[in-house]
């Protein structure tokens, strides 16, 4: 993790008047969103389908740019980053609903893919991938291809990949959306462990209010706007 | 896993398409190797012939076709009288269709000239004198024409007996029909005409002085050129035309190769939009994506080039033994040609990958992921 960039309770993300339009302004996915996310928080973004929560997460991950407004990461405007690949490579890890693993690469190779941008040697990449896969309980699957894994295992590979360059922020877009309840529970448990043990800032988009209840804060969205921000009274241990 | 692994995986995910593209490049590069190998081979063969005979300077009028135009043989006396000239001999060389062979070198040589010196008689004998209506065949020419001593060969309207089979120690010599100059002048209606004066200079003459001799001869013979033996082929307009045609055809083959690889790489990039989106999402720089696509297309080019060189070498070997070419030239399969061909294939690969690579590197990660 990038310790140097961390500060206790400091603002990691700051969004002001964030808007995103598609089709030349005919479709408004975000209609002016404001929020702050602080270091070490576990923020769940909830809301009905099409409310803009995944669009928001993609902007946090610099996969898309806002049409209007500002979005800063540790005080730097994400949209102004000259090369967002550095940010995506070293500052954040992304976990997707449909895993997005590369089918022609083994589990270990999938985890090594993000490390090409960090200057690690081949040996270092292999060792780190092995460690990460051990930590997600997949040490026996190193040489397997994604098609040979269950949904839960694939998502654990995706989580291991998201941690490849030791980011300080983990962005997860419906990480349990394609999993059965048992595998979903394992994945949530893993994400919570990362948040609690490593102190990672976790931003998670979900439909599942049960998972949202585990977050330190919930941002509720509707029609491209934040309609509510709550801090659950109780947290699952 | 190395970056090269990533590149190779990109190619083997569609083995049939990659294989077909490789085949396309191979055929293109094979054509380059074959055509250029023939062209270079011709140059090399003539060079070797001149070297074997020991010719230092060739006086001819190369403005014609593959063979130079004829001129008056009396020019020989003027050349022979020049300082730094040790010996001269005249030749009338014609490209003629002989019986079943579509094109054959027929070499009429001044009787007693040094061009007869290096002919080693394998069977029979040389003509008795410059008046004997007879030919000797280079050993390849004898094979191509299926002739032996005692047979006859028809040149133009005349039937001439074969009195000997010779080894001239060079492909062009061995592929030629050789006879006395005066006989060829008579049967081809070129009395008093030749198209080459071959010149020897004293041994050890510095090249600068040989060049000066060439300039002096050029003053005597304004419509022709005196050239160092090493340069003579390159100045032939016919040869230049053949060389230009071989390169033009090669260029067409290369363009077809470029389009084939570009099509494959565009298809690959299109199919892998989602995968490229993932790579961008996990932090790969756009230039690494570009580099990956370029490496894939360069590797495709390299493999196609290596296979194409093999195909081209095979093509040259086959052509070397076809009757139409046998004895006229020794195809060139030099390392220079092989390396040049592979280098061309790699350049073809890289050039073909530029647009697909640029296009893939410009993809929006969010859009690519949602496709």
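For this structure, a couple of remarks:
- For segment A:154-164, the condition holds for no residue, the condition being that it is more than 12 Å from chain B (Cβ to nearest Cβ) and surrounded by fewer than 21 Cβ atoms within 10 Å (Cβ to Cβ).
- The numbered conditions (1) within 12 Å of chain B (Cβ to nearest Cβ); (2) more than 16 Å from residue A:163 (Cβ to Cβ) are all true for residue A:99 except (2).
- Per the listing A:103, A:175, the residue uniquely touching a strand residue (DSSP E or B) at 6+ places or on another chain (Cβ under 7 Å) and either over 25 Å from residue A:72 (Cβ atoms) or part of a loop (DSSP other than H, G, I, E, B) (or both) is A:175.
- When residues of segment A:66-96 are limited to those that are in contact (Cβ under 8 Å) with a residue 60 or more places away in the chain and on the phi > 0 side of the Ramachandran plot, the one nearest to the other protein chains (Cβ to nearest Cβ): A:74
Residues checked against (1) within 14 Å of chain A (Cβ to nearest Cβ); (2) in a helix (DSSP H, G or I); (3) surrounded by fewer than 22 Cβ atoms within 10 Å (Cβ to Cβ):
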{"residue": "B:4", "(1), (2), (3)": "yes, yes, yes"}
{"residue": "B:9", "(1), (2), (3)": "yes, yes, yes"}
{"residue": "B:17", "(1), (2), (3)": "no, yes, yes"}
{"residue": "B:23", "(1), (2), (3)": "no, yes, yes"}
{"residue": "B:26", "(1), (2), (3)": "no, yes, no"}
{"residue": "B:32", "(1), (2), (3)": "no, yes, no"}
{"residue": "B:36", "(1), (2), (3)": "no, yes, no"}
{"residue": "B:48", "(1), (2), (3)": "no, yes, yes"}
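- Checked against the criterion of being at pLDDT 95 or above and touching a strand residue (DSSP E or B) at 6+ places or on another chain (Cβ under 9 Å), the candidates B:79, B:85, B:136, B:91 yield just one match: B:136.
- Residue list for segment A:102-128, filter: more than 7 Å from every other protein chain (Cβ to nearest Cβ), closer than 12 Å to residue A:165 by Cβ and buried (at least 23 other Cβ atoms within 10 Å of the Cβ): A:111, A:115
- Of the listed requirements (1) part of a loop (DSSP other than H, G, I, E, B); (2) surrounded by fewer than 21 Cβ atoms within 10 Å (Cβ to Cβ); (3) within 14 Å of another protein chain (Cβ to nearest Cβ), residue A:137 misses just one: (3).
- Members of segment A:117-149 found to be at positive phi and more than 21 Å from the chain's Cα centre (by Cα), listed by number: A:119
- Members of segment A:68-83 that are at pLDDT below 90 and not in a loop (DSSP other than H, G, I, E, B): A:79, A:80
- Test: residue in segment B:294-314 that is within 14 Å of chain A (Cβ to nearest Cβ), touching a helix residue (DSSP H, G or I) at 6+ places or on another chain (Cβ under 9 Å), without any contact (Cβ under 8 Å) to a residue 24 or more places away in the chain and over 30 Å from residue B:143 (Cβ atoms): no
- Filter result for the condition that a residue is free of Cβ contacts under 8 Å to residues at least 40 places away in the same chain and either under 22 Å from residue A:128 (Cβ atoms) or touching a helix residue (DSSP H, G or I) at 6+ places or on another chain (Cβ under 6 Å) (or both), over A:194, A:198, A:171, A:202: A:194
- Filtering B:149, B:144 for residues that are farther than 25 Å from residue B:197 by Cα, in contact (Cβ under 8 Å) with a residue 60 or more places away in the chain and touching a strand residue (DSSP E or B) at 6+ places or on another chain (Cβ under 8 Å) leaves a single hit, B:144.
- Selection count, segment B:228-245, where residues are in the same structural domain as residue B:20 (by TED's automatic domain parsing), surrounded by 14 or more Cβ atoms within 10 Å (Cβ to Cβ) and at pLDDT 75 or above: 0
- Evaluation of residue B:161 against (1) part of a strand (DSSP E or B); (2) touching a helix residue (DSSP H, G or I) at 6+ places or on another chain (Cβ under 6 Å); (3) over 18 Å from residue B:92 (Cα atoms) (one fails), failing number: (2)
- Screening residue B:280 with (1) within 25 Å of residue B:22 (Cα to Cα); (2) touching a helix residue (DSSP H, G or I) at 6+ places or on another chain (Cβ under 6 Å); (3) within 14 Å of chain A (Cβ to nearest Cβ) gives one miss only, at (1).
- Spans of helices (runs of 4 or more DSSP H) in segment B:278-371 with at least 3 residues more than 30 Å from residue A:64 (Cα to Cα): B:286-320, B:335-361
- Subset of segment A:140-153 [buried (at least 16 other Cβ atoms within 10 Å of the Cβ) and assigned to a loop (DSSP other than H, G, I, E, B)]: A:142, A:145, A:149
- Tabulated pairs, segment B:22-34, first on the phi > 0 side of the Ramachandran plot, second modelled with pLDDT of 85 or more and surrounded by fewer than 23 Cβ atoms within 10 Å (Cβ to Cβ), C-beta under 7 angstrom, 6+ apart or interchain: none
- The set of residues in segment B:81-93 being part of a strand (DSSP E or B) and touching a helix residue (DSSP H, G or I) at 6+ places or on another chain (Cβ under 7 Å) consists of B:87, B:88, B:89, B:90, B:91, B:92.
- Enumeration of residues in segment A:37-67 that are farther than 15 Å from residue A:21 by Cβ and in a helix (DSSP H, G or I): A:53, A:54, A:57, A:60
- Condition check for residue B:59: outside any helix (DSSP H, G or I), away from chain A (no Cβ under 14 Å) and in contact with a strand residue (DSSP E or B) (Cβ under 9 Å, 6 or more places away or on another chain): yes
- Yes/no for residue B:146 being at positive phi and either more than 28 Å from the chain's Cα centre (by Cα) or surrounded by fewer than 16 Cβ atoms within 10 Å (Cβ to Cβ) (or both): yes
- Selection status of residue B:290, crowded, with 24+ Cβ neighbours inside 10 Å, within 14 Å of another protein chain (Cβ to nearest Cβ), modelled with pLDDT of 90 or more and over 27 Å from the mean Cα position of the chain (by Cα): no
- Unique residue being within 14 Å of chain B (Cβ to nearest Cβ), crowded, with 22+ Cβ neighbours inside 10 Å, touching a residue at least 60 places away in the same chain (Cβ under 8 Å) and in contact with a helix residue (DSSP H, G or I) (Cβ under 8 Å, 6 or more places away or on another chain) when the list is A:52, A:47, A:61: A:61
- Residue in segment B:251-270 that is within 14 Å of another protein chain (Cβ to nearest Cβ), under 30 Å from residue A:61 (Cα atoms) and either within 15 Å of the chain's Cα centre (by Cα) or at pLDDT 90 or above (or both) present: no
The values are calculated or read from the model by the stated rules, or taken from the named source; none is laboratory data. Note that the structure is a prediction, hence the values are computed from the model and not measured. Note that each Cβ is placed from the backbone with ideal geometry, even for glycine, and that neighbours are counted across all protein chains shown.
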